[in-house]
Amino acid sequence: MKKLLYIDACIRNELSRTKRIASPIVESLKKRYEVETIVINDLALAPVQIEENRRRANGIVSEEALCWANKIKEADRIVIAAPFWDMSIPAALKTFFELCSLFGVTFDSDDKTCFGLCKAENLLFITTRGMAIKTGDPLEQATPYIKALSWLWGIKGFEVVARDNFDYLPQEIIEKEIASAVEEGLLIAETF
Ligand SMILES: Cc1cc2nc3c(=O)[nH]c(=O)nc-3n(C[C@H](O)[C@H](O)[C@H](O)COP(=O)(O)O)c2cc1C
């Protein structure tokens with residue numbers, strides 16, 4: 001069975017509307033993939049600072065980060081679920097990426113530029129936003145970032161399931177939006 005890596009950055013956990021959308025979609029992908037989940041909340045990550053940078057410059061990478069990087073490299077598909085925070089993604093997820101987006105593992109370079117080393121053909125990003133900001137709006141800096149990162153890793157396919165205005169819509173409409181996002185994701189999951 002092919003492998004799918006699910007990166008769960010739904011920081012509010014059981015309160016997370018993003019997680020309510022992502023969970024049934026990932027569940028349905030289990031029919032076709034062996035799913036491994038990394039829960040960002042469980043990792044208690046500290047931002048990458050000068051010491052980590054020095055270690056890396058000397059070729060020293062933590063075993064944990066190398067293990068995450070290899071999971072990303074070897075996955076056949078990747079799903080990332082994260083809320084829209086400060087016009088982008090939660091810092092804990094960015095820290096995770098900084099730790100495991102590793103030269104020589106997830107990407108490499110020749111004498112001109114970088115290129116990806118990851119096996120995945122497709123990445124699905126699932127998110128919800130507080131304000132009425134649609135995917136593609138210049139104010140929306142999460143999707144372009146995840147897309148650019150998947151380019152760095154060499155992943156060509158990119159799908160996004162997003163809903164917005166969740167901090168302002170009445171609860172009954174939010175419920176309908178969650179249901180329609182799940183439906184949209186389940187449809188993507190059939191061919192993902
Ligand atoms: C720390 C934090 C930062 C946020 N920043 C933004 C933001 O910049 N723009 C926005 O539209 N919503 C923002 N929101 C609102 C969330 O995007 C919105 O409530 C989303 O649905 C949360 O997803 P969740 O229910 O999965 O946690 C923020 C929420 C939190 C807690």
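Just so it is clear, none of the values below were taken in a lab; they were calculated from the coordinates. Since the model is a prediction, treat every value here as computed from it, not as a measurement. When we count neighbours, we look across all protein chains shown, and the Cβ atoms used for this are built from the backbone with ideal geometry, even at glycine.
Considering all different alpha carbon pairs of the chain, the Kirkwood hydrodynamic radius works out to 17.2 Å. Which part of region 7-26 falls in the paramagnetic zone of ASP42, meaning amide N under 16 Å from the point 7 Å along Cα-to-beta-carbon? Zone members listed by number: 7-14, 23.
How much mean residue ellipticity at 222 nm does the chain get from its helices, if each DSSP H run of length 4 or more adds -39500 (n - 2.57) and you divide by all residues, to the nearest 500 deg cm²/dmol?
On the way: 6 runs with 76 residues, N = 192.
For the chain, the value works out to -12500 deg cm²/dmol.
Against the chain, whose longest principal axis comes from its Cα atoms, helix 63-74 is set at around 70 degrees. As a calculated quantity, the FRET efficiency between GLU51 and GLU121 at R0 = 22 Å, using C-beta atoms, amounts to about 0.05.
Label region 135-192 by shape, choosing from rounded, prolate and oblate, from the square roots a ≥ b ≥ c of the eigenvalues of the Cα gyration tensor; if a/c is under 1.5 it is rounded, and otherwise prolate applies when a/b is larger than b/c, oblate when it is not. Oblate shape, in that a/c is at least 1.5 and b/c is the bigger or equal ratio. Cross-linked pairs LYS2/LYS71; LYS134/LYS156; LYS30/LYS147: Cα-Cα separations exceed 19 Å for LYS134/LYS156; LYS30/LYS147.
For the chain, the longest principal axis of the Cα atoms and the long axis of helix 171-191 meet at an angle of about 50 degrees.
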